[in-house]
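Chemist: Structure below; questions to follow.
The values are calculated or read from the model by the stated rules, or taken from the named source; none is laboratory data. What you see is a predicted model; the values in this text were computed from it and never measured. In this analysis, Cβ positions are derived from the backbone assuming ideal geometry, glycine residues included, and neighbour counts consider all displayed protein chains. The area values use the complete protein model at the heavy-atom level, side chains included, leaving out ligands, DNA and RNA. Shrake-Rupley method; radii C 1.70, N 1.55, O 1.52, S 1.80 Å.
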Amino acid sequence: MIEVLSFDLDGTLVDTGGEIAAAVNDTLRDFALAPRAQAEIEALIGAGTRELMRRLLARVDPRQRLHEPAVLRRFEQHYAAHAGGAAQPYPGCVETLRQLRAADVRLACVTNKEQRHARRVLEACALTPYFTLLIGGDTLPFKKPDARVLRHVVTALGSVPARAAHVGDSETDLVAARSAGVADWAVPWGYNAGTPIAQARPTRLFDSFAAIAAAALASSAAPARPTAAIH
């Protein structure tokens, strides 16, 4: 029985590659560095936007001529301006979240993106009302793939790991789910460092949001509970 279903954000619920790439390249231009291809930037998505910028900076400035904190501050400014501006939910996302919420499945968004940016993306895409809980990469003292993240989610939403699943687009999500003892579900349309997620052998790999809803609801008989505002 699936009582709790958590979703990764970037590459799972929402396509944010374009806006992240725009913020990254705005930052590079500010420091007289050449822009990078969107595909290269998308391959770095998964550990949070600041970590993405750090990893890219190691490539474009290997001799560390730039002051990393200054670059990260500028990137933070640019991404704050871009977050949610071009993000688009993947086909079927909204309908599936609506269906799951109506069936009283408790929903969480669990991302390594900083919480303030994640909230902005959810709000811009009109997804906020569907989630009872939002966990960003800086919400807790740890982040995915640490098992404590999803264990925290399951406990906070009043369930147990055996009745929960986590849906993601990356191996980080799969490791987080397996470590926490929740079902590891995946979608193939995200980023995952440019590698097909099927190679990480998820327990379930879905080709549509409708299929996720069908799997979650096939055995779900969770009783109705009052829902709280996202926090």
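Chemist: Rounded to the nearest 10 Å², what accessible area does residue 78 have for a 1.4 Å probe in the complete protein model?
Modeler: 40 Å²
Chemist: What is the range 99-172 by shape, rounded, prolate or oblate, if you read a ≥ b ≥ c off the alpha carbon gyration tensor as root eigenvalues and call it rounded for a/c under 1.5, prolate for a/b larger than b/c, and oblate otherwise? Mind showing how you got there, number by number?
Modeler: On the way: a/c = 1.67, a/b = 1.01, b/c = 1.65.
Judged from the Cα gyration tensor, the range 99-172 comes out oblate (a/c at least 1.5, b/c at or above a/b).
Chemist: Only bridges whose two residues both fall in the chain count here: according to DSSP, what percent of them are antiparallel, nearest 5?
Modeler: Within the chain, antiparallel bridges account for around 10 percent of the total.
Chemist: Separation between the residue 193 and residue 37 pseudo-spin-labels, each 7 Å from Cα along Cα→Cβ, expressed in nm?
Modeler: A separation of 1.9 nm, rounded to one decimal place.
Chemist: Can you tell which of 46, 181, 158 shows the greatest fluctuation in a Gaussian network model of the chain with Cα springs below 10 Å?
Modeler: 158
Chemist: In the neighborhood of residue 198, defined by Cβ-to-Cβ distances under 12 Å, what is the net charge if each Lys or Arg adds +1 and each Asp or Glu adds -1?
Modeler: It works out to a net charge of -1.
Chemist: With axes computed from alpha carbons, what is the tilt in degrees of helix 171-180 against the longest principal axis of the chain, rounded to the nearest 10 within 0 to 90?
Modeler: The angle comes out near 40 degrees.
Chemist: Hey, another quick one. Using helices alone, what [θ] at 222 nm do you get for the chain, with -39,500 (n - 2.57) per DSSP H run of 4 or more residues, divided over all residues and rounded to the nearest 500?
Modeler: Values: 9 runs with 96 residues, N = 231.
Result for the chain, helices only: -12500 deg cm²/dmol.
Chemist: Calculate the radius of gyration of the Cα atoms of the chain to one decimal place, then report Dmax, the largest Cα-Cα distance, as a whole number, both in Å.
Modeler: My reading of the Cα-based Rg and Dmax gives 17.5, 58 Å.
Chemist: Please report the spacing between the Cα centers of the range 158-192 and the range 6-58 in Å, no decimals.
Modeler: When both Cα centres are located, 22 Å separates them.
Chemist: Something else: Roughly what angle does helix 17-30 make with the longest principal axis of the chain, taking Cα atoms, 0 to 90 degrees, to the nearest 10?
Modeler: 20 degrees
Chemist: Does the range 96-231 come out rounded, prolate or oblate, given a ≥ b ≥ c as the square roots of the eigenvalues of its C-alpha gyration tensor, rounded meaning a/c under 1.5 and, failing that, prolate meaning a/b above b/c?
Modeler: Rounded shape, in that the Cα axes give a/c under 1.5.
Chemist: Just to confirm the number: angle between the C-alpha axis of helix 49-60 and the first principal axis of the chain, 0 to 90 degrees, nearest 10?
Modeler: 40 degrees
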